[in-house]
1. Among the numbered conditions (1) within 16 Å of Ala53 (Cβ to Cβ); (2) of a type outside the set (D, E, K, R); (3) in contact (Cβ under 8 Å) with a residue 40 or more places away in the chain, tell me where Gln147 comes up short.
2. With (1) acidic (Asp, Glu); (2) within 21 Å of Leu305 (Cα to Cα); (3) touching a residue at least 40 places away in the same chain (Cβ under 8 Å) as the list, and Glu46 as the residue in question, which single condition is left unmet?
3. Which members of the range 116-136 meet the condition of being in contact (Cβ under 8 Å) with a residue 60 or more places away in the chain and either hydrophobic (A, V, I, L, M, F, W, C) or surrounded by 20 or more Cβ atoms within 10 Å (Cβ to Cβ) (or both)?
4. Among the listed residues Leu219, Leu214, which satisfies the condition of being within 16 Å of the chain's Cα centre (by Cα), part of a helix (DSSP H, G or I) and not β-branched (Val, Ile, Thr)?
5. Yes or no: Gln141 buried (at least 21 other Cβ atoms within 10 Å of the Cβ), touching a helix residue (DSSP H, G or I) at 6+ places or on another chain (Cβ under 9 Å), closer than 12 Å to Thr60 by Cα and polar (S, T, N, Q)?
6. Within the group Pro84, Pro47, Pro79, which residue is in contact with a Ser or Thr (Cβ under 7 Å, 6 or more places away or on another chain) and surrounded by fewer than 16 Cβ atoms within 10 Å (Cβ to Cβ)?
Amino acid sequence: MAVVAAMIALAGCGGESDDQAETKTSGGAFPVEVDHEFGSTTVKAEPKRIVVAGLTEQDTVLQLGFTPIATTEWYGEQPYAVWPWAQDMLGDAEPVVLKQTDGPEYEKIAGLKPDLIIAVNAGLDREMYDKLSKIAPTVAQPKGGSQYFSPWDEQAIQTAKALGKEEEGRKLVADTKAAYAQVAAEHPEFKGKTATFSQGLSYDGLLYVYQDGLSTEFLTYLGFTITPGLEKYSEGPGIQAAIPEEKLDVIDADVIVFATEEAKNLDNLRAMPTFGTLKAVQDKRAVYTDGTVAGALYFITPKSLMYALDKLTPQLERAVKGESPQKVGG
């Protein structure tokens, strides 16, 4: 996945006509007012035509019982921009799939006649927000949050607020954290072990890894400690650390999780001259994910985190023991 500093790789399309079935819903108390980076938005009534203008909010929208009329493709070209962990919640719906290559598709969104635009993870600036809010009530990233990928729990709650489901959204977050805490309690061997989360292939001699607090919660919630010093190779908070291959030893840890997506990604890693010198690699303490698990870790929503927990826990068990299969998805 060609996701570099900002974690964005945009492409894809799809669709259905404007007059297809409106959003399915399941209640809520309205009106609701949602504060965000650009002020506040009032959602006067339960939304029926929800457009997801961000990259990942469809997971939470679906999990809260709503079906969007449009989603936005990030990467992966999954059906209707909905990944396998959330497909069952989509049912027979066929939302339009928007692109975000050059910002939101304003005309296409307007043509869908939405009554709510959820743009919590959409990279909005003031100009983008103003354009969208002229089309329909628009909920942007939390105040003080990042344009993309604010903390996952804040994103989920912000999305839930827009749907009149704040309490349910907070429960999704709490239940997710509780599930991780339960697995952590069942695996005391994880506690205090160092871990690195890395992209699954190199770009121009650089390997992009995640400093503490940047999409690393799936490890820290389980008791792992993120490898220290990675921030020295990052341009700032919220930006991945770019590790040159001659410095690759700084990522070595008790466990390394590589977000590989296919076998050729692992071949790419092995072609780095210093990759094989990593102790975690030599001692079979490296995990190489498949494409869907990698996507779940990148999406980092309540739904995707639960999927990742189920799939990764046995892999982490083996890695801590030095028994990790040296193949993608092993």
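1. (3)
2. Failing condition for Glu46: (2).
3. Leu116, Ile117, Ile118, Ala119, Val120, Asn121, Ala122, Gly123, Leu124, Tyr129, Leu132, Ala136
4. Details: Leu214 fails: part of a helix (DSSP H, G or I).
Testing whether each residue is within 16 Å of the chain's Cα centre (by Cα), part of a helix (DSSP H, G or I) and not β-branched (Val, Ile, Thr) leaves just Leu219.
5. Working: buried (at least 21 other Cβ atoms within 10 Å of the Cβ): yes; touching a helix residue (DSSP H, G or I) at 6+ places or on another chain (Cβ under 9 Å): yes; closer than 12 Å to Thr60 by Cα: no; polar (S, T, N, Q): yes.
No, not satisfied.
6. Values: Pro47 fails: surrounded by fewer than 16 Cβ atoms within 10 Å (Cβ to Cβ); Pro79 fails: in contact with a Ser or Thr (Cβ under 7 Å, 6 or more places away or on another chain).
Checking each option against the conditions leaves just Pro84.
Condition check ((1) surrounded by 19 or more Cβ atoms within 10 Å (Cβ to Cβ); (2) modelled with pLDDT of 95 or more; (3) of a type outside the set (Phe, Trp, Tyr); (4) out of contact with any Asp or Glu (no Cβ under 6 Å at 6 or more places or on another chain)) across all residues:
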site	(1), (2), (3), (4)
Gln155	yes, yes, yes, yes
Asp175	no, yes, yes, yes
Tyr180	yes, yes, no, yes
Ala195	yes, yes, yes, yes
Gln199	yes, yes, yes, yes
Phe224	yes, yes, no, yes
Ile256	yes, yes, yes, yes
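Yes/no matrix, rows are residues, columns are (1) free of Cβ contacts under 8 Å to residues at least 40 places away in the same chain; (2) among the acidic types (Asp, Glu); (3) at positive phi:
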residue: Thr260; (1), (2), (3): no, no, no
residue: Asn268; (1), (2), (3): no, no, no
residue: Met272; (1), (2), (3): no, no, no
residue: Lys279; (1), (2), (3): yes, no, no
residue: Thr289; (1), (2), (3): no, no, no
residue: Phe299; (1), (2), (3): no, no, no
residue: Met306; (1), (2), (3): no, no, no
residue: Asp310; (1), (2), (3): yes, yes, no
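The values are calculated or read from the model by the stated rules, or taken from the named source; none is laboratory data. No experiment lies behind these values; they were computed from the predicted model shown. In this analysis, Cβ positions are derived from the backbone assuming ideal geometry, glycine residues included, and neighbour counts consider all displayed protein chains.
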